[in-house]
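What follows is a single structure, written as structure tokens, with notes after it.
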Amino acid sequence: MTGSPPSTALPARLLEDAELRAAAAAHDFGTVFRLARQRAGISYSQIAIGCDIKPDRVGTLARGHGQVTTFSNIVRICDALRIPGRLAGLADRPWETVPGSGEGEVDEVLRRRFVQVAGLTAVMPSALADQSGRIGQRDVARLRDRTVRLRRLDEVLGGGDTYRLYTAEYQATKAKLRDGRYDEATRCALLSLLAEQAQQAGWAAFDGGREADAVSLYEASRTAALDAGDAALSGNALAFLAYQRLGGDRRAGAEIAGRATEAIDGRTPAGVRALLHERRAWACAAADMPTEAERSLAAARQALDEAHGQPQPDWAAWVDRTELDIMTGRCWAELRRPLRAVPVLEAALARYDDSHARDKALYSSWLAQAYLTAGEAEQSAAVVSRAFALSDGVASVRPQKRLAPVIDDLSSARYRTLPAVAELLDQVRS
């Protein structure tokens with residue numbers, strides 16, 4: 001317990017904060033994690049590494065679900081965050097009186113803990129080749145399994161927390177393609193994996209506000225997918241690029257999304273078909289093309305009906321009926337059809353667990369928008385309030401970026417004196 005303070009050590013000013021002190025005394029470490037994120041810039045992934053807790057558990061605790069009750073976990077959290085023992089009802093910790101040593105040892109411990117937290121076994125270069133130094137299909141399968149496990153972090157952490165990790169995985173695979181020895185079938189498998197990893201890294205970049213990096217990664221993904229002959233991943237790369245274009249030329253975005261669905265052929269898994277049609281529906285809604293949006297939603301629903309019991313690639317497996325219902329509601333909200341948007345969004349979001357805080361907050365913004373379009377300002381304010389609380393501490397720029405225009409509309413003279421709206425505006429200011 002000697003050594004320089006870890007990167008997760010709370011600053012002295014925060015340790016003097018009354019809210020943090022009360023949370024530490026009550027062993028309410030979810031509040032401690034949230035305050036560390038908000039007021040000290042310590043990400044949930046850093047906390048997970050330092051405290052040796054799974055990242056999804058950190059996010060769940062920070063959103064008020066669950067408690068830390070075991071003595072060993074309480075001690076480990078206090079040591080990682082450098083919370084003095086007296087604040088948590090413990091004896092003084094050794095580091096409170098022992099001078100520090102070098103940082104290298106601390107960094108190495110944190111690196112090892114990250115591997116444990118992510119539930120991964122480090123794949124060293126020597127383990128990715130046989131005795132002749134060749135990389136085979138079994139090695140690629142192991143790397144793909146690793147990519148699948150890492151993808152689960154996106155369910156609870158924002159791109160600000162995952163971007164560097166996903167980019168490092170992409171670069172590692174790129175190095176294997178450059179330096180490794182393999183046959184043609186393995187080369188194609190590695191290229192497909194590279195395309196998949198580039199899309200995951202691109203998504204994290206977009207989610208974390210690095211839009212130029214996202215475009216570059218999506219384009220690299222499409223190049224790799226085309227080289228591998230992987231039409232499904234090539235189409236998905238186009239769909240991602242279309243999503244990027246919706247912030248500018250929306251008609252161009254819809255056109256790119258249409259090209260993505262052209263990649264569908266008889267070998268395309270049903271789940272991938274549903275994903276590509278769903279993303280085209282959104283692009284068409286954003287471009288004010290209601291007929292095309294409705295057709296694409298119907299095509300996505302039909303594809304999902306055909307996916308029952310069929311194996312799907314993990315990168316498309318998240319598309320289910322609840323996700324499609326949410327997309328349906330989003331499309332109708334964007335097209336200013338609140339009577340169609342509100343019921344489907346209310347029902348779908350009721351089934352959506354709060355542990356997926358980023359996505360639920362983001363999707364709720366369209367429900368708030370639909371309510372406001374219908375003139376229901378109080379209902380809109382209630383939805384924004386819940387979404388704002390959910391997105392608090394999530395390392396993603398998108399939820400609050402989406403909520404901002406709804407809050408601006410509610411701030412107008414027409415609505416701001418309504419009690420529910422005034423309460424929301426106080427919440428936002430605080």
| message | Condition check: touching a residue at least 12 places away in the same chain (Cβ under 8 Å) and within 26 Å of ALA260 (Cα to Cα). Does ARG151 satisfy that? | response | yes
| field | Test result for ASP154, outside the structural domain of ARG21 (by TED's automatic domain parsing), at pLDDT below 90, part of a helix (DSSP H, G or I) and crowded, with 17+ Cβ neighbours inside 10 Å | value | yes
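Kindly indicate whether GLN46 is modelled with pLDDT under 90, under 23 Å from LEU157 (Cα atoms) and touching a Ser or Thr at 6+ places or on another chain (Cβ under 6 Å).
Numbers: modelled with pLDDT under 90: yes; under 23 Å from LEU157 (Cα atoms): yes; touching a Ser or Thr at 6+ places or on another chain (Cβ under 6 Å): yes.
Considered against the rule, which asks whether it is modelled with pLDDT under 90, under 23 Å from LEU157 (Cα atoms) and touching a Ser or Thr at 6+ places or on another chain (Cβ under 6 Å), GLN46 comes out as yes.
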| note | Only one of TYR371, TYR363 is over 24 Å from TRP318 (Cβ atoms) and crowded, with 21+ Cβ neighbours inside 10 Å, namely TYR371
| For GLY209, which of the numbered conditions (1) under 24 Å from the mean Cα position of the chain (by Cα); (2) in a helix (DSSP H, G or I) fails to hold? | (2)
| Is region 22-33 home to any residue that is within 19 Å of GLY159 (Cβ to Cβ), in a helix (DSSP H, G or I) and not hydroxyl-bearing (Ser, Thr, Tyr)? | yes
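Can you report the number of residues in region 157-185 which are assigned to a helix (DSSP H, G or I), touching a residue at least 24 places away in the same chain (Cβ under 8 Å) and not basic (Lys, Arg)?
Going through region 157-185 one residue at a time, the tally reaches 12.
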| Just for region 56-110: of the residues that are loosely packed, with under 15 Cβ neighbours inside 10 Å and hydroxyl-bearing (Ser, Thr, Tyr), which one is modelled with the lowest pLDDT? | SER101
| said: Being surrounded by fewer than 17 Cβ atoms within 10 Å (Cβ to Cβ) and more than 19 Å from GLY247 (Cβ to Cβ) is the filter here; which residues of region 387-407 pass it? | reply: ALA389, ASP392
| message | Tell me the residue from ALA303, ALA350, ALA333, ALA307 that is closer than 29 Å to LEU150 by Cα and within 24 Å of the chain's Cα centre (by Cα), please. | response | ALA350
| Taking ALA48 and the conditions (1) on the phi > 0 side of the Ramachandran plot; (2) of a type outside the set (D, E, K, R); (3) part of a helix (DSSP H, G or I), which numbered condition does it fall short on, given that it satisfies the others? | (1)
| query | Given the structure, is ARG279 under 29 Å from LEU194 (Cβ atoms), in the same structural domain as LEU246 (by TED's automatic domain parsing) and in a helix (DSSP H, G or I)? | reply | yes
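Can you name every residue in region 11-36 that is farther than 19 Å from THR69 by Cα and surrounded by 22 or more Cβ atoms within 10 Å (Cβ to Cβ)?
The initial filter retains those residues of region 11-36 that are farther than 19 Å from THR69 by Cα, namely 11-19, 35-36.
Passing the criteria: only ALA36.
Only one residue in ALA224, ALA254, ALA242, ALA263 is under 16 Å from GLU196 (Cβ atoms) and assigned to a helix (DSSP H, G or I), so which one is that? Outline the logic, then answer.
Values: ALA254 fails: under 16 Å from GLU196 (Cβ atoms); ALA242 fails: under 16 Å from GLU196 (Cβ atoms); ALA263 fails: assigned to a helix (DSSP H, G or I).
Exactly one residue qualifies, and that residue is ALA224.
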| said: Just the residues that are buried (at least 20 other Cβ atoms within 10 Å of the Cβ), among the hydrophobic types (A, V, I, L, M, F, W, C) and more than 17 Å from LEU193 (Cα to Cα), please, taken from region 205-221. | reply: ALA205, PHE206, ALA214
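The values are calculated or read from the model by the stated rules, or taken from the named source; none is laboratory data. Since this is a predicted model, take the numbers as computed values, not measurements. Glycine also receives a Cβ, built like all others from the backbone with ideal geometry; neighbour counts cover every protein chain displayed.
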